[in-house]
1. Can you tell me which of Gln141, Gln149 is assigned to a loop (DSSP other than H, G, I, E, B), open to solvent by 50 Å² or more (accessible area, probe 1.4 Å) and modelled with pLDDT under 95?
2. Give Thr63, Thr95, Thr85 a once-over and let me know the one that is at pLDDT below 65, out of contact with any Phe, Trp or Tyr (no Cβ under 8 Å at 6 or more places or on another chain) and of a type in the set (Val, Ile, Thr).
3. Can you tell me which residue in region 1-33 is nearest to Asn361 (Cα to Cα), limited to those that are modelled with pLDDT of 85 or more and open to solvent by less than 70 Å² (accessible area, probe 1.4 Å)?
4. Of a type in the set (D, E, K, R) and either surrounded by fewer than 11 Cβ atoms within 10 Å (Cβ to Cβ) or touching a Phe, Trp or Tyr at 6+ places or on another chain (Cβ under 9 Å) (or both) - does that describe any residue in region 44-55?
5. Being within 21 Å of Leu347 (Cα to Cα), at pLDDT below 90 and open to solvent by 60 Å² or more (accessible area, probe 1.4 Å), is that true of even one residue in region 195-203?
6. Could you tell me how many of the residues in region 88-123 are open to solvent by less than 60 Å² (accessible area, probe 1.4 Å), touching a residue at least 40 places away in the same chain (Cβ under 8 Å) and either under 27 Å from Val164 (Cβ atoms) or in a strand (DSSP E or B) (or both)?
7. Answer yes if at least one residue in region 177-190 is over 19 Å from Asn361 (Cα atoms), open to solvent by less than 40 Å² (accessible area, probe 1.4 Å), hydrophobic (A, V, I, L, M, F, W, C) and touching a helix residue (DSSP H, G or I) at 6+ places or on another chain (Cβ under 6 Å), and no otherwise.
Amino acid sequence: MDPLRQSPSPCSSRPSSPKTPPCEMLGYVGIEAVLDQLKIKAMKMGFEFNIMVVGQSGLGKSTMLNTLFKSKVWKCTPPGLAMPTPQTLQLNSVTHVIEEKGVKLKLTVTDTPGFGDQINNDKCWNPILGYINEQYERYLQEEILITRQRHIPDTRVHCCVYFVPPTGHCLRPLDIEFLQRLCRTVNVVPVIARADSLTLEEREAFRRRIQHNLRTHCIEVYPQKCFDEDINDRILNSKIRDRIPFAVVGADQQHLVNGRCVLGRKTKWGIVEGQCRDSAENAGEGGLKIQAHPAASGTLNTHHRAQSGQAHNQEADRPGNQVPPCSEEDSVENMAHCEFPLLRDLLIRSHLQDLKDITHNVHYENYRVCRLNESHVLPHGPCWVNLAPTPPGPSVAPGPSKVCRQTREDSDDNEDDY
């Protein structure tokens, strides 16, 4: 175990041993080929990722998911079509297989329509927490069988994206109450939804208030400080924590701007880009700047929606102009307009496997310990393993800080991890 890694508790799944000195090699052996073997095996099996989105209706959850995976993973409500408000909180899941350059990802998306939409939202989080624990229970029931499947289906929620309404004030009591419970059960990534409704100053002030609320109420969102494995993780995750909650703008409509195809939201102030080519050049070092594209028939209100700068001409929506499909070169998220690239990189490009590892080694482990401690009351199914009941005495359910996160070497020992 890396000595720089901080663990929430001194527990470990392996006995400590003195550091093994390196052995001098006299020639090439081919140990590095193990990486190729793992890659080939992973390519055959594919990957699984389960994500949940939570937030009020109308915050762009479906659009954000479609933009995130560049696919129609969730059906969006057509503009102008008002959907009836659900009387109770419902959970809907859909599964897709996405393939990119030979890599298959089995993606399961769970939406929570009706959350926070009622007049009385007392304990409206119970169905969500119950669903998350139900997936842990399914995995546990398969894991404790004598004859287990070679590959246990993993339906556990690896990440929950929580959409905060762009009120510009602070977290609501409903948000605080729910996040305190949710962060103990699953990895939570909060985002500011429809961030284009706030000015740059309002957005930054709103972010700082939310960060203050999270610290005040001891809400640990992902990535948690106690799980930084080394100095590199600590540096990277510190930058991410400083930008959380991400200010995102989802878009699934294509527009032409300066002859380039971009995904963005068209407003009377201009087009807020979700994707364009010049993301790297437009990203500022300290903060983010919005450079909106004004409509051809009007002017841009730079005071309300963007900082002043040279306006770009818009070529969208003119008669005879056909919007070509976005090419891979043009489909680069524009950091100058929103922080969607940071969310995408966190969930997919840099921390996807880490989200799954923490789910298995921390959140699921907490659930498993609690359930096995009370195993004398579990229903006896086929191939049941009798476990000794918990010795008399008060039993306390361990929280996220009570179970040590195992190293990746430990997770490799579990052949049924994925």
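1. Gln149
2. That would be Thr85, the only listed residue that is at pLDDT below 65, out of contact with any Phe, Trp or Tyr (no Cβ under 8 Å at 6 or more places or on another chain) and of a type in the set (Val, Ile, Thr).
3. Selected residue: Ala33.
4. Yes; the residues of region 44-55 include at least one that is of a type in the set (D, E, K, R) and either surrounded by fewer than 11 Cβ atoms within 10 Å (Cβ to Cβ) or touching a Phe, Trp or Tyr at 6+ places or on another chain (Cβ under 9 Å) (or both).
5. no
6. 15
7. No, because not a single residue in region 177-190 is over 19 Å from Asn361 (Cα atoms), open to solvent by less than 40 Å² (accessible area, probe 1.4 Å), hydrophobic (A, V, I, L, M, F, W, C) and touching a helix residue (DSSP H, G or I) at 6+ places or on another chain (Cβ under 6 Å).
So that you can scan it fast, the table gives a plain yes or no per residue for (1) within 20 Å of Tyr162 (Cβ to Cβ); (2) of a type in the set (D, E, K, R); (3) at pLDDT 90 or above:
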{"site": "His212", "(1), (2), (3)": "yes, no, yes"}
{"site": "Glu229", "(1), (2), (3)": "no, yes, no"}
{"site": "Ile235", "(1), (2), (3)": "no, no, yes"}
{"site": "Ala247", "(1), (2), (3)": "yes, no, yes"}
{"site": "Arg260", "(1), (2), (3)": "no, yes, no"}
{"site": "Gly270", "(1), (2), (3)": "no, no, no"}
{"site": "Ile290", "(1), (2), (3)": "no, no, no"}
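The values are calculated or read from the model by the stated rules, or taken from the named source; none is laboratory data. Just so you know, these numbers come straight off a predicted model, no measurement behind them. Glycine also receives a Cβ, built like all others from the backbone with ideal geometry; neighbour counts cover every protein chain displayed. These area figures cover heavy atoms from the full protein model, side chains too; ligands, DNA and RNA do not enter into them. Shrake-Rupley method; radii C 1.70, N 1.55, O 1.52, S 1.80 Å.
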